[in-house]
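A.B. asks: Here it is, the structure in full.
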Amino acid sequence: MTGASSHDRRRFLTAGTAVLGAAASAVLWLPGTARAAGATLPDGLFSLGIASGDPLPDGIVLWTRLAPDPLNGGGMPDRVVPVEWEIGEDPRLRKPVRRGVAHARPEYAHSVHVDVRGLRPDRAYWYRFRVEGQVSPTGRTRTAPHPHARNGSLRVALASCQNWQHGYFTPYADMLEQDPDVVLFVGDYIYESTPSSAGPRRHEGAGEPYTLEQYRNRYAQYHTDPDLAAMHANAPWVVTFDDHEVDNDWAGQIPQDPAKQPHDAFVARLTAAFQAYYEHVPVRASAIPDGPHIQMYRRLEFGRLARLNVLDTRQFRSDQVISQADAEDPSLTMLGAEQKEWLLDGLHDSPARWNLVASQIMMAETDLLPGEGKLWYYDAWDGYQVERNALLEEFADIRNPVVLSGDRHLTMISDLKTDYSDPQSEVVGAEFVGTSISSNGDQDQAAFHAQWDPLKADNPHWKLIDAHRGYHLFDIRRDGIDARVRVVDTVVQPQATASTLARLRVENGRPGVEPV
Ligand SMILES: [Fe+2]
């Protein structure tokens, strides 16, 4: 959002100076990698870049992880390392408004998550880190609007599913140019799959990760993608995980292949995967894992304009079903009782114009059977029909619900309806399934349409389906959301050309979505 006046800015600088005292006269950090006298750490401490996330009106999380040898455990000594940080209003950080020292601990892979507070709402900040004279790149971030702010606009980028082996993360180069206020990432930040030479890039390691060190190496490899690193350094991210951060199609404490992973072994794997996830994403300390549990569902507020409910559709779900009849079992849950109550409370009590729900997996129906009868994907909300339909009934009483999803490796933009078995049923919201950054690589578009277009008659709620790689961009204002589907021509080359595939609009007070 924008709109801070120069008067506000002057007032802010004055206040910042008063708060900091000595900081304003502190010596400016020299850029580059000059080693301080007595330095003991290797060069290249900031090989994984920097990031920020979970913006508040007065705060932001700043992240980095010291890893001079990123693909081999990090390369740091087994001791706590002080990391200086500073944040300010100007790109050159001549006058930092906050600074401090964080402790990079070996038990968290020398990651730091600085929860900066005392910032001003709705404005850009720049930040950087320093360790033994090595200075990180300078990152840019943005605080959320004032809690009472009603106007302005918010630009959100929706991304998911970045498979290293399927392609380069070229959509982020375009996203950078589109300059979103916040990036929403709804899962599959890494893939746990075995290294393969079939694609343009190969996973590190010798197999799937199971141990903490193996997951750390996998995350580190992903952070070395230059387009991903640049996007992290230029906007705050709000992240949640899906299945591949741990194991394909896991549910609760049940792995994809229980015969191969005994329960205790899978709990140990979850514990390692969650810990490595926390270590590599810009989230608050509330997400520090407790063994095989991590608290990821949470709410973020963007003034009175938008409330963002970030779901966790993995940890609390019933195991995936294997038949149509089972998918209609009313005892199945996707969210678990506690999260479901939290979500409904947050939707019904919301003061916001737009109520966004970040769901890893698709909520609208996908009927895969042409003609009579239905065939669903059981891993998505379709496999949890009763809870999904009850939630959609509630949407009828919610102000402007919009679901933002991933997982499918396709763009699927749909009306949300209370009963997909009834073509006349009420439209209660809109859903955007934001294709993938690179997963599935460059798809054959003709083959996609030959397979999927015949299903359109069975899924009249679909407004757009497409198989290009990319992301979705939303300009959210009081009167409506203008959405653009941004796609790239390739992810199998490191450079790509981006374009707008489609424009759609969600109108305030009118459930559903329409192409423009
Ligand atoms: Fe995926």
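A.B. asks: For L343, what charge total do you get from the other residues with a beta carbon under 12 Å from its beta carbon, if Lys and Arg give +1 and Asp and Glu give -1?
C.D. replies: Cβ neighbours under 12 Å give a net charge of -3.
A.B. asks: If you don't mind, another one. Quantify how much of the Cα-Cα distance distribution of segment 70-203 extends past 27 Å, in percent.
C.D. replies: 41
A.B. asks: Over the chain, what is the relative contact order in percent, taking alpha-carbon pairs closer than 8 angstrom and at least six residues apart?
C.D. replies: 14
A.B. asks: Separate question: Residues with beta-carbon under 14 Å from that of P70, excluding P70: net charge, scoring Lys, Arg +1 and Asp, Glu -1?
C.D. replies: Net of charged neighbours comes to -3.
A.B. asks: For segment 364-516, go through all pairs of different Cα atoms, get the mean of 1/r, take its inverse, and jot down that Kirkwood value in Å.
C.D. replies: Averaging 1/r across every pair of different Cα atoms and inverting gives 16.2 Å.
A.B. asks: How large, in percent, is the carbon and sulfur part of the accessible surface of the chain at a probe radius of 1.4 Å?
C.D. replies: 52
A.B. asks: Roughly how far apart, in whole Å, are the Cα centres of segment 310-363 and segment 91-132?
C.D. replies: If you average the Cα positions of each part, the centres end up 34 Å apart.
A.B. asks: Where Lys and Arg each count +1 and Asp and Glu each count -1, what net charge lies around H468 among other residues with Cβ under 10 Å from its Cβ?
C.D. replies: With Lys, Arg at +1 and Asp, Glu at -1, the net is -1.
A.B. asks: Measuring with a 1.4 Å probe in the full set of protein chains, what accessible area per residue, in whole Å², belongs to segment 154-515?
C.D. replies: 34
A.B. asks: Where does each of 228-240, 207-219 land if you order them by average Cβ count within 10 Å, highest first?
C.D. replies: The densest-packed peptide leads the list: 228-240, 207-219.
A.B. asks: Can you tell me the length gained on complete extension of the stretch R478 to L344, counting 0.36 nm per residue apart and subtracting the Cα distance?
C.D. replies: 46.0 nm
A.B. asks: Here's something else I'd like to know. How much of the DSSP beta bridge set in the chain is antiparallel, as a percent to the nearest 5?
C.D. replies: Counting only bridges with both partners in the chain, antiparallel ones make up about 75 percent.
A.B. asks: Roughly how large, in nm² to one decimal, is the mean projection of the convex hull of the alpha-carbon atoms in segment 333-425?
C.D. replies: Dividing the Cα hull surface by four gives the mean projection, 6.4 nm².
A.B. asks: What number, rounded to the nearest 500 deg cm²/dmol, is the helix-based mean residue ellipticity at 222 nm of the chain, given -39500 (n - 2.57) per DSSP H run of at least four residues and division by all its residues?
C.D. replies: -5500 deg cm²/dmol
A.B. asks: For S499 and R140, what does the FRET efficiency come to when R0 = 25 Å and r is the distance between their Cβ atoms, rounded to the nearest 0.05?
C.D. replies: Calculated value: 0.45.
A.B. asks: Report the full-extension gain for the segment N151 to R92: residue separation times 0.36 nm, less the Cα-Cα distance, to one decimal in nm.
C.D. replies: 18.3 nm
A.B. asks: Could you list, in their original order, any pairs among K260/K340; K374/K463; K340/K463; K374/K456 whose Cα atoms are separated by more than 25 Å?
C.D. replies: The answer is K260/K340; K340/K463.
A.B. asks: Right, something else. Using a Förster distance of 41 Å, how high is the FRET efficiency between T194 and A457, based on the Cβ-Cβ distance and rounded to 0.05?
C.D. replies: Step by step, r from the Cβ atoms, then E = 0.60.
A.B. asks: Here is a follow-up. Sorted by mean Cβ packing within 10 Å, highest first, what order do the peptides 247-259, 107-119 take?
C.D. replies: Averaged packing, sorted descending, gives the order 107-119, 247-259.
A.B. asks: Over the Cα atoms of segment 154-515, each weighted equally, I'd like the Debye log10 I(q)/I(0) at q = 0.10, 0.15 Å⁻¹, rounded to two decimals.
C.D. replies: Reported log10 I(q)/I(0), two decimals: -0.58, -1.44.
The values are calculated or read from the model by the stated rules, or taken from the named source; none is laboratory data. Everything quoted here is computed from the prediction, not taken from an experiment. In this analysis, Cβ positions are derived from the backbone assuming ideal geometry, glycine residues included, and neighbour counts consider all displayed protein chains. Please note that ligands, DNA and RNA were not included when accessible areas were found on the heavy atoms of the full protein model with its side chains. Shrake-Rupley method; radii C 1.70, N 1.55, O 1.52, S 1.80 Å.
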